[in-house]
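See below for the structure under consideration.
The values are calculated or read from the model by the stated rules, or taken from the named source; none is laboratory data. Only a predicted model underlies this, so the values are computations on that prediction, with no experimental measurement involved. Here Cβ is always computed from backbone atoms with ideal geometry, including for glycine, and neighbour counts include all displayed protein chains. Remember, those area values only see protein heavy atoms, side chains included, never the ligands or the DNA or RNA. Shrake-Rupley method; radii C 1.70, N 1.55, O 1.52, S 1.80 Å.
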Amino acid sequence: MAKAYAPYSKFPVGAALRTEDGRVFTGANIEVASYPEGWCAETTALGHYIMGGGGKIVEIAVLAERMAKCSPCGGCRQRLAEFCQPDTKLYLCDNTGVAETVTMGDMLPYGFRGDILK
Ligand code: THU
């Protein structure tokens, strides 16, 4: 979150993904002057995760400076679901730590999965 580039919304967000072998991939939101072209912290973290070799994600944490329990947007739920399981834990945080624990299945019930496309 400290590395967010959010000069337009002034809403810094941080995300972290942990894989089962203990690697942690972090991300922050990155905005651009053409607003829809910016992207979320979760998406940055997923880019680091893929470039770092991927693997099984076991935990995800999201933290926003100005909002307790900031939950991933719809687009990020779909992107996270691509690389997670329905039981993957998602920690919604506030500035004291984990405020609520949910699962990816809670976040994206009835989500579209691409199995049939493979
Ligand atoms: N944002 C995230 O990075 N993650 C979320 O879970 C929600 C929203 C960002 C996108 C944008 O840079 C700012 O927060 C305000 O929407």
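Taken over the range 66-118, the criterion of being among the aliphatic types (A, V, I, L, M) and closer than 21 Å to GLU20 by Cα is satisfied by LEU80, ALA81, LEU90, LEU92, VAL98, VAL102, MET104, MET107. Among the residues of the range 56-76, those that are surrounded by fewer than 20 Cβ atoms within 10 Å (Cβ to Cβ), within 11 Å of the ligand (Cβ to nearest atom) and touching a residue at least 12 places away in the same chain (Cβ under 8 Å) comprise GLU65, ARG66, MET67, LYS69, SER71, CYS73, GLY75.
Among the residues in the range 84-97, are any hydrophobic (A, V, I, L, M, F, W, C), at negative phi and either in contact (Cβ under 8 Å) with a residue 40 or more places away in the chain or open to solvent by 30 Å² or more (accessible area, probe 1.4 Å) (or both)? Checked the range 84-97: no residue is hydrophobic (A, V, I, L, M, F, W, C), at negative phi and either in contact (Cβ under 8 Å) with a residue 40 or more places away in the chain or open to solvent by 30 Å² or more (accessible area, probe 1.4 Å) (or both).
Consider the range 5-53 and keep the residues that are in contact with a helix residue (DSSP H, G or I) (Cβ under 7 Å, 6 or more places away or on another chain) and part of a loop (DSSP other than H, G, I, E, B). The one that is surrounded by the most Cβ atoms within 10 Å (Cβ to Cβ) is ASN29.
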